Structures are given as structure tokens and as C-alpha cells.
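Chemist: My questions all concern the structure below.
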Amino acid sequence: MGNKKLIASNFYTLLFASLFIYSKSSYCFEIPNGEFIVLPYLEAIYNTDLDSNSNLPDDEYLYGIDFFSTFEKGRFRFLGEALVSKHEQEIERLQISWAIGNYDRIWIGRFHNPIGFWNTLYHHGDYFEASIRRPAIIEFEDEGGFLPMHIGGLLYEGSYERNNSGIGYRFALGAGPEFEDGELEPWDTIHPGSGEHDISTAFNLYYEPVWYGETKYGLYANYTVIPAEDSGHDEIELLVSGLYANWLSEPWYVIGTFFYTHTDFNDSSDHGSFINMYIQPEYMVDDTWTLYGRIETTLSEDNDPYLALFPEFIEDRVLGGIRFDFLRQNALKLEISGNRTNNEDFFRINLQWSAVF
Amino acid sequence: MKYDRYIKILLFCFFCLISLCQLNAQPIRTIVVVNGSNSPITSLSQTEFRRLYLGVPVRVGNQRVKPLINYSDADIEKLFLQKIIFMSKKKYEQKILSNVYRFGEMRPDKYSDVDLLINELKRSPDTVTYLWQDQVDKYEGIKSIGILWTGQTE
């Protein structure tokens with residue numbers, strides 16, 4: 001399909017979706033003891049200043065719908081999330097849980113790895129993020145991410161109050177991803193016996209000045225053994241640890257995370273370690289407009305054998321963006337970024353519409 | 001020129017009188033936490049109430065307390081958001097929708113008809129909501145378990 005036709009079809013889809021949304025007096029589908037949410041998005045990406053031998057396209061158009069449902073009966077809860085997009089159809093989360101006491105819950109199934117905070121704050125919901133895309137270090141596995149964002153197994157989470165402040169905790173144990181066809185492949189709920197998966201375990205501990213408030217300061221660690229015959233190695237041991245802060249004082253909101261990553265290749269003496277960090281300040285001008293920026297940087301990454309497996313990883317990025325909220329629960333976002341991978345420097349412009357039905 | 005002073009004093013008194021009349025025109029009203037008379041929940045502080053509506057789980061015995069949103073009256077809706085939740089309607093609805101997506105929490109049911117709201121309180125002993133104090137006196141089968149706000153409506 002030519003670019004003009006693609007742009008026109010995107011425009012009409014956006015127009016009809018907006019009219020449909022505008023005609024509805026309420027959002028989301030409420031089912032007895034549960035909820036059903038639909039989160040669609042349309043996105044246009046333009047890359048400039050690419051090297052002549054670059055693998056990246058000049059422009060790209062993405063679309064997808066994230067389906068989410070939850071059901072609760074007494075202490076039992078079910079939660080499911082499936083993403084249907086241009087590049088994939090996947091069950092992203094499929095979990096059941098039992099509440100223990102007032103504030104703790106044990107989950108079984110496939111869930112998002114409690115690594116840092118972003119991954120369990122926004123999940124796949126583009127609408128909920130101020131920005132269009134996640135930081136590169138926590139990109140999902142099928143979008144070039146090299147950290148395990150999904151685990152299949154057990155998750156225990158909870159919190160307790162102390163003088164109106166809160167201490168929260170999450171512990172995860174289960175099957176991590178394997179390295180196949182140049183990317184990480186998480187445990188698949190539809191084909192649980194497929195592929196080769198090994199252990200992944202994580203903890204996340206955080207302090208909330210106001211219990212259940214948005215501001216949190218935390219630390220985390222994740223250890224994963226990645227079967228990686230596809231990379232010419234037997235297994236890769238990956239250890240990620242770090243600190244994060246999520247600070248809200250309206251109209252300001254800041255989210256930032258520090259990552260220390262260490263890898264060992266079991267069948268050789270190869271090993272490596274590097275540091276990555278990002279910080280994203282957001283300024284809510286009013287209920288309609290939000291300005292945001294983000295800086296991502298990677299240190300000591302030269303010749304890292306694990307990073308060499310992911311040549312398109314964006315090591316450094318400076319990004320600025322604007323978000324416009326319109327109608328009810330619709331958002332238009334425009335981002336401009338300067339990016340550096342291991343091979344090239346380029347500029348990118350992203351434009352996205354996202355919504356919640 | 002000496003009359004200027006008297007005119008200023010008279011104007012000052014006039015505006016004071018107008019202001020006093022305005023104050024007297026607005027009756028003092030109270031918003032209270034309410035549940036069914038048969039409910040085992042006997043008290044809920046303002047802090048607990050706010051947490052409940054922001055998605056923090058509150059249990060009495062083995063039963064989780066379910067908040068119901070009262071949108072039956074524009075004044076009570078405005079005061080609930082401004083004086084208790086401290087958020088705009090848009091931000092509040094985004095916040096509770098985000099809780100659904102993050103934790104699988106249920107959003108509180110919303111009622112724009114006060115009779116339906118009262119019926120739900122009577123039917124489900126695990127539910128709570130907020131009403132004007134004088135409304136509680138009018139209906140049977142419900143009780144007040146705490147004061148949320150007292151003042152003059154604008």
C-alpha cells in the first residue's frame with residue numbers, strides 16, 4: 001500500500017473511531033464483577049539522518065488494539081491482557097490470584113516482571129503513558145528489548161502501612177525468556193511446553209511517603225538464566241539490579257530508573273556489565289495539555305557481548321514531546337527524539353493517537 | 001469634600017450588608033458516609049473513606065467494602081471531588097481506570113439516581129456511599145457512619 005493510501009486510511013480510522021467515542025456517554029464495558037477495556041492506537045514513525053546502510057525504515061505505520069479484562073469474586077481475581085497489532089498477536093498477561101489478608105495477593109500465570117516501576121505501571125497501555133514509547137532499556141521482548149519483561153510463574157505482592165506511609169513488596173519466581181531468532185521469546189501461555197525456558201526470579205521493594213500514593217522510591221533485582229543456543233552460546237546468566245523513583249507533585253511528575261546489568265556466558269569466559277539510566281519529567285499544563293521530555297543513557301557498553309546480540313538497541317536518546325487529551329479519554333502525542341545505537345545516530349518523529357473504550 | 005468620607009462609609013456598610021445576606025442565603029450542609037442499616041460497618045474515617053475511593057482495599061471481617069459514587073447531585077459531585085478526593089473529575093476517572101488496568105481492581109459503581117443508590121445500599125451490606133445529612137434523615141433503612149464535610153455550598 002502506498003504511503004498516501006496508508007495515511008488516508010489511518011486518518012479515516014482515527015476520524016470514525018473519534019466519532020464513535022464522542023457518541024458514547026460512558027467508556028469501557030462493565031460486566032458483573034468485572035471490567036472489559038479496549039485500548040487502540042495508531043502511530044506514524046519518521047526516521048531521518050539514517051546511514052545509507054541502515055536497517056531502519058524511513059517511515060513506518062503501526063496500529064494495534066490491547067484488550068484487557070478482569071473478574072473478581074470474593075478473594076479470587078482473574079486478569080487477562082491480549083495485544084493484537086500489526087506485528088503480533090499475543091496474550092501478554094494471564095493471571096489468577098487469591099487475596100491474602102487485606103493487602104497481599106498471590107498470583108499465578110504470566111505477568112509483567114517487577115523490574116523497576118514502568119513495566120508494572122503502564123503495561124501495554126499506550127494511552128496511560130504520557131510518552132508514546134517506553135525507554136529502550138525496558139522495551140518489550142518482541143520490540144527489541146533485551147531484559148525479561150514477562151515471567152510465567154508465581155508473583156507475591158502486597159504492602160503495609162506505617163504512620164500513613166507505605167512499604168510495598170513484590171517477589172516473582174518462574175520461567176524467563178529464551179533467546180531465539182535474534183530476540184528474547186517469553187514463556188507462551190498458549191503453548192506452555194514450547195521453547196526452552198529457565199528460571200527467572202525478581203524482587204522489588206519500595207517506600208511510599210503516602211500509602212498507595214503515586215510517589216514511590218524503590219529498589220529491585222532480577223536474575224534470569226536465558227537458554228541461548230541461537231546465539232551460539234549455551235546459556236546466558238543475566239543479573240539486573242537498580243533503583244527507581246516515581247515522584248508526583250502536580251503539575252510535575254517525574255519517573256526515573258537506574259539499571260546495573262551483568263551477564264555471564266556459561267560456555268565461555270565471556271562476561272560483561274554496563275549501566276543504563278533514564279529520567280522522564282512531565283509537566284501537566286492543564287487537563288488537556290502535557291509537556292514531557294526524557295533522557296536515556298548507557299555507560300560502559302562498549303564491546304559488551306550481551307548488547308552485541310541486540311544491535312538496534314538505542315543506547316542514548318534525548319526526547320521531547322507534547323500530549324493533547326481530547327474528547328473523553330483520547331490522546332494525541334507528538335515526539336521528537338535524537339537517538340544513538342551502536343551503529344548510527346538518527347532523528348525520529350513519532351505521532352500517535354491512543355484511547356480507552 | 002467632607003461628604004466623600006460619609007459616602008465611603010455608607011458604601012462599605014452596604015457591601016458588608018450584601019455580603020452578610022449572601023452568607024445567610026447559603027445554608028450550612030453536611031456530607032456524611034452512609035451504608036445500609038443492616039451493614040456490619042459501623043465507622044469509616046475521612047482518611048479511610050478517601051483511600052477506599054482511590055482504590056485501596058478496605059475489608060471488614062472477610063468482606064471487602066465496596067464504594068459507590070453518588071453523581072445524583074451536581075453540588076455533592078463537585079464537593080466530593082474538590083474537598084475529599086482533591087482531583088478533577090477527569091483525573092479521578094483516569095486514576096480509577098488506571099487501577100483497573102494495573103491491579104485488576106473494580107471501579108466503583110456510579111449512580112445518578114439517588115433512589116437506585118439507596119436501594120443498592122439496602123441490598124448490599126458491604127457497600128458505602130456519601131449523601132447530604134438531610135437525605136439520610138429522609139430515607140429508611142440507611143445509617144450515617146461518619147462526617148466527611150460541613151460547610152456552605154456555593
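Chemist: Taking residue A:142 as the residue in question, decide whether it is within 27 Å of residue A:247 (Cα to Cα) and more than 9 Å from every other protein chain (Cβ to nearest Cβ).
Modeler: Details: within 27 Å of residue A:247 (Cα to Cα): no; more than 9 Å from every other protein chain (Cβ to nearest Cβ): yes.
For residue A:142, the condition - within 27 Å of residue A:247 (Cα to Cα) and more than 9 Å from every other protein chain (Cβ to nearest Cβ) - is not met.
Chemist: Does residue A:332 satisfy being more than 14 Å from every other protein chain (Cβ to nearest Cβ), crowded, with 20+ Cβ neighbours inside 10 Å, modelled with pLDDT of 95 or more and under 13 Å from residue A:132 (Cα atoms)?
Modeler: So residue A:332 does not fit the description; no.
Chemist: Go through the range A:142-166 residue by residue and tally those that are within 16 Å of the chain's Cα centre (by Cα) and either among the charged types (D, E, K, R) or surrounded by fewer than 16 Cβ atoms within 10 Å (Cβ to Cβ) (or both).
Modeler: Here the count works out to 2.
Chemist: Restricting the search to the range A:35-76, which residues are surrounded by fewer than 19 Cβ atoms within 10 Å (Cβ to Cβ), within 14 Å of another protein chain (Cβ to nearest Cβ) and free of Cβ contacts under 8 Å to residues at least 40 places away in the same chain?
Modeler: Scanning the range A:35-76 gives A:36, A:67, A:69, A:72, A:74, A:75, A:76.
Chemist: Can you find, within the range B:41-72, the residue that is farthest from residue A:76 (Cα to Cα) among those that are in a loop (DSSP other than H, G, I, E, B) and at pLDDT 90 or above?
Modeler: Out of the qualifying residues, it is B:72.
Chemist: I'm checking my understanding of the structure. Among residues of the range A:77-89 that are open to solvent by 20 Å² or more (accessible area, probe 1.4 Å) and under 18 Å from residue A:190 (Cα atoms), which one is farthest from the other protein chains (Cβ to nearest Cβ)?
Modeler: A:87
Chemist: Out of A:324, A:357, A:347, I need the residue that is of a type in the set (A, V, I, L, M, F, W, C), closer than 16 Å to residue A:48 by Cα and surrounded by fewer than 21 Cβ atoms within 10 Å (Cβ to Cβ). Which one?
Modeler: Every option except A:347 fails the conditions.
Chemist: A further question follows. Kindly list the number of the only condition in (1) out of contact with any strand residue (DSSP E or B) (no Cβ under 8 Å at 6 or more places or on another chain); (2) charged (D, E, K, R); (3) surrounded by fewer than 20 Cβ atoms within 10 Å (Cβ to Cβ) that fails for residue A:129.
Modeler: (3)
Chemist: Residues of the range A:209-230 being away from chain B (no Cβ under 14 Å) and not β-branched (Val, Ile, Thr), which ones?
Modeler: A:209, A:217, A:218, A:219, A:220, A:221, A:222, A:223, A:227, A:228, A:229, A:230
Chemist: Next question, about the same structure. Specify the residue that is modelled with the lowest pLDDT; the eligible residues are those in the range B:99-112 that are in a loop (DSSP other than H, G, I, E, B) and more than 7 Å from chain A (Cβ to nearest Cβ).
Modeler: Initially, the range B:99-112 is screened for residues in a loop (DSSP other than H, G, I, E, B), giving B:104-108, B:112.
Right, trim to more than 7 Å from chain A (Cβ to nearest Cβ) and you get B:105, B:108, B:112.
Numbers: B:105: 87, B:108: 90, B:112: 91.
Within the range B:99-112, the match that is modelled with the lowest pLDDT is B:105.
Chemist: Sticking with this one: Looking only at residues that are out of contact with any Ser or Thr (no Cβ under 8 Å at 6 or more places or on another chain) and over 16 Å from residue B:49 (Cα atoms) in the range B:141-152, which one is modelled with the lowest pLDDT?
Modeler: B:152
Chemist: Oh, and also: Of the residues that sit in the range B:91-132 and are of a type outside the set (A, V, I, L, M, F, W, C) and open to solvent by 60 Å² or more (accessible area, probe 1.4 Å), which one is farthest from the chain's Cα centre (by Cα)? It would help to see each step written out before you state the result.
Modeler: Looking only at the range B:91-132, we keep the residues that are of a type outside the set (A, V, I, L, M, F, W, C), and these are B:91-95, B:98-99, B:101-102, B:104-105, B:107-113, B:115, B:119-120, B:122-127, B:129-130.
Imposing the further condition that a residue be open to solvent by 60 Å² or more (accessible area, probe 1.4 Å) reduces the set to B:109-110, B:112-113, B:115, B:119, B:122-123.
On the way: B:109: 15, B:110: 13, B:112: 14, B:113: 15, B:115: 16, B:119: 18, B:122: 19, B:123: 21 Å.
Only one residue fits best here, namely B:123.
Chemist: Follow-up. Mind checking which residues of the range A:275-321 are among the aromatic types (Phe, Trp, Tyr), closer than 27 Å to residue A:184 by Cβ and out of contact with any Phe, Trp or Tyr (no Cβ under 6 Å at 6 or more places or on another chain)?
Modeler: A:278, A:306, A:313
Chemist: Then there is this: Can you tell me which residues in the range B:26-56 are more than 12 Å from chain A (Cβ to nearest Cβ) and either surrounded by 15 or more Cβ atoms within 10 Å (Cβ to Cβ) or among the acidic types (Asp, Glu) (or both)?
Modeler: Matches in the range B:26-56: B:29, B:30, B:31, B:32, B:33, B:34, B:35, B:36, B:39, B:41, B:44, B:49.
Chemist: Quick check on my filter: what residues within the range A:179-203 are touching a helix residue (DSSP H, G or I) at 6+ places or on another chain (Cβ under 8 Å) and open to solvent by less than 20 Å² (accessible area, probe 1.4 Å)?
Modeler: If the condition is that a residue be touching a helix residue (DSSP H, G or I) at 6+ places or on another chain (Cβ under 8 Å) and open to solvent by less than 20 Å² (accessible area, probe 1.4 Å), then A:179, A:184, A:186 are the ones that fit.
Chemist: Still on this structure: Hey, could you check the range B:57-98 for residues that are within 12 Å of another protein chain (Cβ to nearest Cβ) and polar (S, T, N, Q) and say which is nearest to residue B:42 (Cα to Cα)? Quick ask: steps written out before the conclusion?
Modeler: To start, the set of residues in the range B:57-98 that are within 12 Å of another protein chain (Cβ to nearest Cβ) comprises B:57-66, B:71, B:86-98.
This time we only want the ones that are polar (S, T, N, Q), so: B:62-63, B:88, B:94, B:98.
On the way: B:62: 15, B:63: 14, B:88: 30, B:94: 30, B:98: 30 Å.
Out of the qualifying residues, it is B:63.
This table checks each residue for (1) surrounded by 16 or more Cβ atoms within 10 Å (Cβ to Cβ); (2) in contact (Cβ under 8 Å) with a residue 60 or more places away in the chain; (3) of a type in the set (Lys, Arg).
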position: B:58; (1), (2), (3): yes, no, no
position: B:68; (1), (2), (3): yes, yes, no
position: B:72; (1), (2), (3): yes, no, no
position: B:79; (1), (2), (3): yes, yes, no
position: B:83; (1), (2), (3): no, yes, yes
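Chemist: What's the total number of residues in the range A:219-237 that are touching a strand residue (DSSP E or B) at 6+ places or on another chain (Cβ under 9 Å) and surrounded by fewer than 22 Cβ atoms within 10 Å (Cβ to Cβ)?
Modeler: We begin by selecting, within the range A:219-237, every residue touching a strand residue (DSSP E or B) at 6+ places or on another chain (Cβ under 9 Å); these are A:219-231, A:233-237.
Keeping just the survivors that are surrounded by fewer than 22 Cβ atoms within 10 Å (Cβ to Cβ) gives A:219, A:221, A:223, A:225, A:227, A:229-231, A:233-235, A:237.
Counting residues in the range A:219-237 that are touching a strand residue (DSSP E or B) at 6+ places or on another chain (Cβ under 9 Å) and surrounded by fewer than 22 Cβ atoms within 10 Å (Cβ to Cβ) gives 12.
Chemist: So which residues in the range A:98-123 are in contact (Cβ under 8 Å) with a residue 40 or more places away in the chain, open to solvent by less than 10 Å² (accessible area, probe 1.4 Å) and polar (S, T, N, Q)?
Modeler: Correct list: A:113 only.
Chemist: Looking for something loosely packed, with under 15 Cβ neighbours inside 10 Å and at pLDDT below 90 - is there at least one such residue anywhere in the range A:252-261?
Modeler: No, every residue in the range A:252-261 fails to be loosely packed, with under 15 Cβ neighbours inside 10 Å and at pLDDT below 90.
The values are calculated or read from the model by the stated rules, or taken from the named source; none is laboratory data. Remember, predicted model here, so these are calculated numbers, not experimental data. All Cβ positions, even for glycine, are placed from backbone atoms using ideal geometry, and neighbour counts span all protein chains on display. These area figures cover heavy atoms from the full protein model, side chains too; ligands, DNA and RNA do not enter into them. Shrake-Rupley method; radii C 1.70, N 1.55, O 1.52, S 1.80 Å.
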